[in-house]
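Every number here is computed from the coordinates shown, using simple stated rules; none is lab data. None of these values were measured; they are calculated from a predicted model. Cβ placement follows ideal geometry from the backbone for every residue including glycine, while neighbour counts extend to all protein chains displayed.
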Amino acid sequence: MGFSSRWRSIISGCISSVEFAVLLNGQAGPSFAPSRGLRQGDPLSPYLFILVGEVLSKLIQSAVDQGRL
């Protein structure tokens, strides 16, 4: 879809700069970074889902048009 490297970098930074900590008896444990996925309730989730779905749709349509599917 031709996204610029700056745009991809901004989105990647929003997703990968997350850290979590678990509260146990009111005390926060050591923080850790998730290895995959998005935060629950992340406002970017619906938009990223739509973008990925659109790209997948275009790839499938291209394969059908070329007779590969």
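Contact order for the chain, expressed relative to its length and based on alpha carbon pairs under 8 Å spaced 6+ residues apart, stands at 18 percent.
Based on DSSP H segments of at least four residues, each scored -39500 (n - 2.57), the chain has a per-residue ellipticity at 222 nm of -16000 deg cm²/dmol. Each Lys and Arg Cβ is given +1 and each Asp and Glu Cβ -1; about its Cα centre, the chain then shows a dipole of about 140 debye.
Counting every pair of alpha carbons in region 5-65, the share spaced more than 20 Å apart comes to 48 percent. Between the residues Cys14, Gln27, Gly67, the greatest Cα displacement towards the positive end of the dipole of the chain, with unit charges on the Cβ of Lys, Arg, Asp and Glu, is found for Gly67. Here the Karplus relation 6.51 cos²θ - 1.76 cosθ + 1.60, evaluated at θ = phi - 60°, turns the backbone of region 20-27 into coupling constants of 10, 9, 9, 8, 10, 6, x, 10 Hz, with x for every Gly and Pro.
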